[in-house]
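Structure record follows, encoded as structure tokens.
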Amino acid sequence: MDRSQPQSSNLMDIHNRLVADILTRYRTLMMLATVQAEGDRNNATPEAMAVAGISIKMEFDGLYSSIKELLTLSRRIKELWVFGPLGKADPDRVAKEAQIERDVAAVADLANGLEAANMRALAERHGGAWERLTKDEPERIAAGAPAGEQ
């Protein structure tokens with residue numbers, strides 16, 4: 001096996017092999033299911049039907065296992081794409097990740113702002129005041145210091 005090839009080409013080879021196997025097994029199943037209706041031949045004997053039934057079961061089991069393998073491969077490709085090396089070849093990857101981080105921070109700030117406005121309005125409606133805690137304030141409050149003091 002050539003180790004210089006990227007892993008994605010090996011995954012595509014496996015994918016192509018599985019798709020070909022699934023199509024071949026499906027074709028064989030269709031041929032076995034219609035073997036009794038072939039032309040002038042009388043294939044409706046009990047022996048021929050028993051052989052066709054066993055063959056259909058074996059082909060269906062093979063088709064089922066190939067489909068399961070294809071689904072497993074699909075999941076593996078998705079995991080590699082999200083968590084692993086499939087996205088590493090993109091030259092703009094670092095810029096895209098930085099943009100995603102900026103977008104996430106902006107959305108989090110918007111959501112926090114909406115929550116703060118709602119909480120402030122709720123507190124004022126009931127005669128109170130509301131102010132957002134900072135990251136280290138819960139520890140200070142637990143230690144006995146009042147909220148909002150440095």
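A compact table of results
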item: Odd one out for ASP61, checked against (1) farther than 24 Å from VAL19 by Cα; (2) in a helix (DSSP H, G or I); (3) open to solvent by 50 Å² or more (accessible area, probe 1.4 Å); result: (1)
item: Residue match in segment 25-36 (condition: open to solvent by 70 Å² or more (accessible area, probe 1.4 Å), more than 30 Å from LEU73 (Cα to Cα), modelled with pLDDT under 85 and not hydroxyl-bearing (Ser, Thr, Tyr)); result: no
item: Candidates LYS78, LYS96, LYS68, filtered to the one that is surrounded by 11 or more Cβ atoms within 10 Å (Cβ to Cβ) and modelled with pLDDT of 90 or more; result: LYS68
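The values are calculated or read from the model by the stated rules, or taken from the named source; none is laboratory data. Being a predicted model, the structure only gives us computed values, none of them experimental. Neighbour counts are summed over all protein chains in view; Cβ atoms, including those assigned to glycine, are modelled from backbone coordinates with ideal geometry. Please note that ligands, DNA and RNA were not included when accessible areas were found on the heavy atoms of the full protein model with its side chains. Shrake-Rupley method; radii C 1.70, N 1.55, O 1.52, S 1.80 Å.
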